[in-house]
Each structure stands twice: as C-alpha cells, then as structure tokens.
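The block underneath contains the structure these notes are about, expressed in structure tokens.
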Amino acid sequence: MAGVRDPNTNSNYDAWRTRHTTANLTIDFADKCLRGSVVLELVSQTDKASEEIILDSSHVAVSSVRLNADASTSWEVRPRVEPNGSPLHVSVPHGAAKGETVKLEIELATTAKCTALQWLTPAQTGNKKAPFMFSQAQAIHARSLFPCQDTPDVKSTYSFNITSPYVVVASGVPVSESSSVEGGEAGRLYRFEQKVPIPSYLFALASGDIVTAPIGRRSVVATGPNELEASQWELEESMDKFMEAAEKIVFPYRWGEYNVLVLPPSFPYGGMENPIFTFATPTIISGDRQNVDVIAHELSHSWSGNLVTSCSWEHYWLNEGWTMYLERRIIAAVHKDDAHFDFSAIIGWKHLEEAIEEFGKDHAFTKLCISHKGIDPDDAFSTVPYEKGFHFVYYLDRLVGRENFDKFIPYYFSKWANKSLDSYEFKDTFLEFFSAPEYADLKDKITEIDWEGRFYSTGLPPKPAFNTTLVDVCYELAQKWRSADYVPNSADVESFTGNQKLVFLNAVHSFDQPLTAAQSQALGRTYGFLESRNVELKTVYYQIAMRAGDKATHEGVAELLGQVGRMKFVRPLFRSLNRVDRPLALKTFEKNRDFYHPICRQMVEKDLGLAESKTPAA
Ligand code: BES
Ligand code: ZN
C-alpha cells in the first residue's frame with residue numbers, strides 16, 4: 001500500500017475515501033453525550049481491493065458496525081496509541097472494486113473523555129436558563145465525536161440530523177424550518193446539509209438557548225438572548241464590507257450563508273472557521289468594534305482552509321498563513337489604506353518574535369513545514385504557521401508585484417477548490433502560473449526563490465521593510481515611558497485605536513528593564529486599562545504589571561482567568577502568574593477547572609507542569 005501523507009491519521013484513506021457522511025445524533029444534556037449513528041459512504045480507491053477499512057477514533061464508545069447493512073460485520077477498536085487514538089478496524093470481505101461505494105453504519109456514543117465537546121451548565125451561560133454545548137474539532141478531535149477518516153486530506157459532504165431540546169446550529173445549511181419535526185422527549189430534529197465537501201475538522205455543532213439577529217445581507221449573528229444586541233452592534237458595521245472586500249480579492253463566496261455564533265466565554269479560541277457558522281469568542285464583543293479583525297480572519301478561511309485545505313497539519317501554513325494574508329488585505333481594503341496591512345503585520349511580527357524566542361530559534365516547531373510524526377497538532381500549535389506563513393505569502397506577493405500576484409490568487413484558489421494540497425503542490429502551482437509567457441521578465445526572480453530554505457529553516461524569516469505610519473505614534477509614547485519620571489495623561493492615548501494601544505503596551509512590555517510597580521499602576525489607572533472590557537488590552541497590561549512586581553494586580557489576573565477561557569489569553573496569563581505567584585496560579589486553575597474547555601484544561605495543565613505533554617518534542 002502506498003500509505004498516506006498525513007501522519008496524524010491511522011485511517012487507510014489511500015484505499016478508501018469518505019464521500020458522504022450522515023450524522024444522526026441526539027444531544028443528551030443529562031448524560032453529557034452525543035448518541036446515535038453515523039453513516040459513512042466510502043469509495044474504494046484501489047484495484048487491489050482492500051479488505052479492511054481503518055478509521056480514527058478517540059474515546060468513542062462504538063456499539064455496532066454494519067457494512068452495507070450486514071449485522072455480522074466484524075470490527076474491532078484497537079488499543080489507544082498517542083497521539084492518534086484508537087483506530088477502528090472493520091473487515092470488508094473480498095473488498096470492493098475501484099470506484100465502488102460501501103456504506104458503513106456505526107452506532108456510537110461519545111464519552112466523558114471526549115476532547116471535542118464542552119458541556120456548560122445553565123449557570124455558565126448568559127441568561128442562566130438552559131444548558132449549552134458546543135464542539136471544536138480542529139485539529140484531530142473529530143475522531144472523539146465519531147469514527148471517521150480524521151484527516152484534512154479527505155473531504156466529504158455532510159447531512160446532519162441532530163435532535164436536541166434546544167436550538168441547534170451546525171456547519172451546514174439549515175434545511176427549511178417546516179421540515180424540522182418534533183423528536184419526542186429528546187427534543188426537536190434539526191437538519192442541515194453541507195453540499196460543499198469539507199474535511200472532518202470542520203464538522204461542528206452547538207446547542208442551547210440561541211437566538212439570531214441580522215448583521216449583513218447573507219449573515220446573522222447567533223448567541224444567547226442577553227448577548228444578542230451587543231453582538232449585533234459589534235458586527236453589523238463590518239460584515240458586508242469584509243465580504244465585499246474578500247470576494248473582490250479572491251472570487252465570490254461559495255458557501256451560501258456566512259453567520260457568526262458568539263459562544264459562552266469558555267470557547268478556547270478567538271474564532272473557528274466552521275462553514276456557514278463561524279464560532280467566535282465573546283471577547284470580540286468588546287463594545288468598541290476593535291476586535292472584529294477576527295471575523296475578517298475567519299471569513300478568509302472560507303477560501304483558504306475551507307475551500308483549499310492543507311493536506312495535513314504539517315502544511316498548516318497553507319491554511320493560516322494565507323488566511324493572515326487575506327485578513328490583512330481585507331482590513332486594508334476596508335480602511336482604504338495600505339498602512340493598515342502593515343500595521344497588522346507589525347503586530348504579527350512581534351508575536352512571531354515572541355513565539356520563536358519562547359521555542360528557541362533552532363526548535364523544529366519554528367519551521368514553516370513542521371514534521372508531525374508522533375506529534376499532537378495541539379502541541380505544535382503556535383503563531384509560527386500564521387506569521388511565518390503570512391511572510392512567505394507576502395514575500396511572493398512583493399517578489400512578483402501586487403498586480404501579478406492579484407491574478408495568481410483566484411487562479412490558485414480555483415485550481416485547488418474542494419481539494420487538499422501540500423507545500424510542494426503549492427510551489428508547483430506558483431511556478432506553473434508564473435511560467436506563462438507574459439511573466440517572462442520575472443523568470444530570474446522566480447528562480448531565486450529558496451523554497452527548501454523557506455519551508456525548512458528554523459527561526460525568523462527575513463524581515464521586510466514595513467510602513468510604520470500607524471505604529472510610530474505608539475512607539476513614541478512607549479519611548480516616554482522609559483523615563484521613570486514620565487507623568488502620563490489620559491489624552492496620550494485618546495486618539496489611539498485598540499490595536500494602537502496594544503502596540504504601545506507590547507512595546508512597553510518588551511523593554512529590557514521592567515516598569516516599576518508605581519509606573520505600572522499609573523499606566524493602568526491613567527489609560528484605563530484596569531477597567532477595560534477589551535481583554536486583549538487587559539491581558540498585556542497584566543503582563544506588564546506582573547513583570548513590574550505589582551502584586552496588587554494578581555487578584556485581578558486570577559479574576560480574569562475565571563471569566564475568559566480563550567487560550568490566547570489564558571495560557572500566557574497562567575504562565576506568568578505561575579512565575580510570580582505559583583500558589584495563586586494553582587488555586588485559580590483548580591477553581592476554574594470545570595469552566596475551561598477540555599483542550600484548554602489540558603494545555604494549562606502542561607503549562608503549569610501538572611501534566612506531561614503527549615509529545616516529548618513539545
Ligand atoms: N482555525 C483557527 C483556530 C484553531 C486553530 C482551532 C488550531 C483549533 C486548532 C482560527 O482560524 C484562528 O486562527 N483563530 C484565531 C483568530 C486570529 C488569528 C484572528 C484565534 O483563535 O485567535
Ligand atoms: Zn485561522
């Protein structure tokens with residue numbers, strides 16, 4: 001057998017490929033599980049018929065497997081091996097001819113160890129009236145929902161038949177209301193169809209007391225009743241502008257609706273690009289419209305990631321690097337000013353420097369293409385594929401010139417739409433496009449591209465010259481804070497956007513010498529960071545304060561750690577709190593253990609040295 005190119009799957013997807021998946025699941029809030037069946041339609045890929053189908057699974061209780069309705073199908077869940085889980089082996093007597101489809105019906109229930117679901121009590125929601133649940137499958141957690149070919153290299157269409165006592169949203173288009181029927185005691189049946197083939201990591205569900213309001217021509221925001229108005233206000237101004245800009249850069253949106261589900265605060269990411277319904281952290285609803293870039297980012301994934309997908313987590317930069325690039329193009333287009341592109345890129349560069357510093361500049365996880373053999377993608381996850389990926393795309397853009405690159409963008413996304421690719425296929429596509437006679441004058445430049453170096457060098461990529469118009473004022477103000485007797489005034493930051501305040505704070509945070517505790521207190525008080533609802537700003541401020549030895553803020557840090565579960569904030573805050581006050585860090589973690597999403601809980605346990613990482617390299 002040729003083998004597969006994704007090391008994070010045990011499935012034999014070179015022999016069989018899922019074409020369609022039907023999920024018939026009941027959301028059981030009492031038992032905190034999903035139960036029901038999935039039906040996988042698998043197409044045989046080889047002439048030499050494979051007599052076995054291997055699927056990924058992780059902590060799923062499988063109760064029966066029927067191949068083409070045959071109840072005597074023999075199957076087995078093999079012992080767990082980290083990080084890929086416990087594969088389900090199903091025998092296919094005599095195999096199937098190439099191109100033939102078999103139907104595999106698997107009855108299952110998720111278990112308490114499921115890493116893809118979080119179950120919230122009514123007390124953990126906004127109006128405290130109903131429980132809430134949501135899934136998060138990226139990177140390799142779909143296998144803990146149901147056995148599947150859990151690799152971004154396989155795309156399937158989906159039918160969702162979900163029964164719940166509460167409103168359900170999913171990563172498919174709702175099938176008209178009238179067809180949703182009472183499902184008896186278990187609730188109502190909600191049906192969705194996803195007709196664009198998607199990888200398993202984009203399978204998503206959420207259920208709870210969810211209401212919706214329009215935010216654009218093709219968009220609603222969905223969230224709890226108490227959060228609806230603020231969420232609508234935050235997003236309605238930019239939604240259609242983002243969409244219009246994105247469609248102009250790439251090509252028309254292919255998914256029908258684009259909606260945003262604003263989740264309860266334990267949602268572990270800023271956003272997750274689940275098709276039809278982006279899932280988003282409530283920290284973007286900051287009351288100042290200053291954190292909506294996250295939506296430009298998730299919307300961009302509708303092309304980079306969801307339509308054109310990296311074939312394994314080793315080439316993840318193809319998803320995130322391209323998405324950062326598109327996000328920044330959208331932001332610049334909406335502001336009608338390229339300085340915004342550079343402004344966001346400068347912030348990203350800083351994050352990249354920090355990440356590389358944290359790993360060490362020779363660490364394998366600082367490469368653009370990261371080997372994932374034996375590695376859990378959650379452990380390798382960092383800003384590197386985002387920002388190093390962005391810098392590779394942006395480098396190519398500058399190399400060939402914007403006008404030419406703008407023609408390459410739709411070409412690339414059309415060519416690979418509904419497919420998955422690796423970095424070399426990207427390279428081939430780029431070279432193929434620019435080998436056309438009209439680009440003959442670019443030949444020398446293109447031959448110079450050091451693809452291997454770009455893919456496999458550790459550490460920082462070459463730094464481009466940025467347009468610093470929007471950051472200069474931030475750095476000038478930061479410079480003043482170097483002097484211990486600088487007397488601040490609230491007017492200093494009056495004209496700053498949220499991101500400018502962030503750049504200023506980051507600059508202060510990276511001083512060789514920490515501020516004094518008194519300076520740090522003045523900073524928080526005078527510029528309003530202590531009372532800010534903008535968690536992005538509050539987090540960096542707390543970092544500065546902890547470094548300054550301002551113990552008075554430790555309780556504030558602990559309090560914030562009980563209010564947000566977004567890993568971007570929670571993990572660095574815990575790491576810093578752990579350095580300055582380990583007992584408080586441990587107490588805070590224990591207190592909020594159930595509040596955090598299972599993935600966040602696991603990562604923080606590692607960060608605090610309470611658990612071993614699953615992959616020794618991490
Ligand atoms: N796809 C990611 C979120 C993700 C990454 C989930 C890895 C699970 C594993 C999403 O598109 C993302 O990058 N979100 C960012 C938003 C930001 C870069 C604007 C986040 O969550 O902070
Ligand atoms: Zn992303």
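General observations
- Here is how the number arises for the chain: DSSP H runs of 4 or more residues each give -39500 (n - 2.57), the sum is divided by the residue count, and the result at 222 nm is -10500 deg cm²/dmol.
- The distance between label points at V175 and E448 comes to 5.7 nm (points 7 Å beyond Cα on the Cα→Cβ vector).
- Pairwise label distance in nanometres, K32 with K113, each label 7 Å out on the Cα-Cβ vector: 1.6
- Here the relative contact order of the chain, from alpha carbon pairs under 8 Å that lie six or more residues apart, stands at 11 percent.
- Of the residues P252, V211, T125, the one whose Cα sits farthest towards the positive end of the charge dipole of the chain is T125 (charges of +1 on Lys and Arg Cβ, -1 on Asp and Glu Cβ, taken about the Cα centre).
- In sequence order, the range 579-589 has phi-based couplings of 6, 9, 7, 4, x, 5, 4, 5, 4, 5, 5 Hz under the Karplus curve 6.51 cos²θ - 1.76 cosθ + 1.60, θ = phi - 60°, and Gly or Pro positions carry x.
- Each of I198, I409, I276 was scored by other Cβ atoms within 10 Å of its Cβ. Arranged with the fewest first, they read I409, I276, I198.
- Cα gyration tensor shape for the range 210-302, rounded if a/c is under 1.5, else prolate or oblate: prolate
- DSSP bridge pairs, the chain: antiparallel proportion in percent, nearest 5: 80
- S414-A49 FRET efficiency (beta carbon distance; Förster radius 30 Å; 0.05 resolution): 0.30
- A simple rule links phi to the HN-Hα coupling: the Karplus curve 6.51 cos²θ - 1.76 cosθ + 1.60 with θ = phi - 60°, which for the range 426-437 gives 5, 4, 4, 5, 5, 5, 5, 4, 8, 8, 4, x Hz, with x for Gly and Pro.
- Leading residue at positive end of dipole, the range 1-120 (Cβ point charges), from S50, P87, I27: I27
- Shape of the range 311-456, Cα gyration tensor, a/c cut at 1.5: oblate
- The range 542-582 versus the range 456-470: alpha-carbon centroid distance in Å: 29
- The range 268-339-the range 81-151 distance, computed between alpha-carbon centres (Å): 25
- In the chain, a dipole from Cβ-located charges (positive for Lys and Arg, negative for Asp and Glu) runs towards its positive end, and of A15, Y596, L104 it is Y596 whose Cα lies farthest in that direction.
- Residues K427, K501 arranged by fewest to most Cβ contacts within 10 Å: K427, K501
- Helix 517-526 vs. the chain, principal-axis angle (Cα, 0 to 90°, nearest 10): 80
- The range 472-607: relative contact order as a whole-number percent, Cα under 8 Å and 6+ apart: 19
- FRET efficiency, 1/(1 + (r/R0)^6) with R0 51 Å, evaluated for E100 and K480 via beta carbons: 0.10
- Modelled FRET efficiency - R0 25 Å, K407 with D240, Cβ distances, 0.05 increments: 0.50
- Pairwise label distance in nanometres, S64 with A123, each label 7 Å out on the Cα-Cβ vector: 4.0
- Given their separation in residues at 0.36 nm each and the Cα-Cα distance between them, T497 and D472 gain 7.7 nm when the chain is fully extended.
- Taking the Cα centre of the range 472-607 as origin and assigning +1 to Lys and Arg Cβ atoms and -1 to Asp and Glu Cβ atoms, the resulting dipole is close to 540 debye.
- The spacing between the range 193-256 and the range 400-428, judged by their C-alpha centroids, is 25 Å.
- Contact order, relative form, for the range 1-199: 24 percent (alpha carbon pairs under 8 Å, 6 or more residues apart, mean separation divided by residue count).
- You can think of it this way: the chain between A522 and A230 has 102.1 nm of extra reach, that is 0.36 nm per residue less the Cα-Cα gap.
- The Cβ shell under 14 Å around N127 holds other residues with a net charge of -1, Lys and Arg each +1, Asp and Glu each -1.
- Charge dipole magnitude, Cβ of K and R +1, D and E -1 - the chain, Cα centre, debye nearest 20: 660
No lab work stands behind these numbers, since they all come straight from the coordinates. Model, not experiment: these values are computed from the prediction. We place every Cβ from the backbone using ideal geometry, glycine too, and count neighbours over all the protein chains shown.
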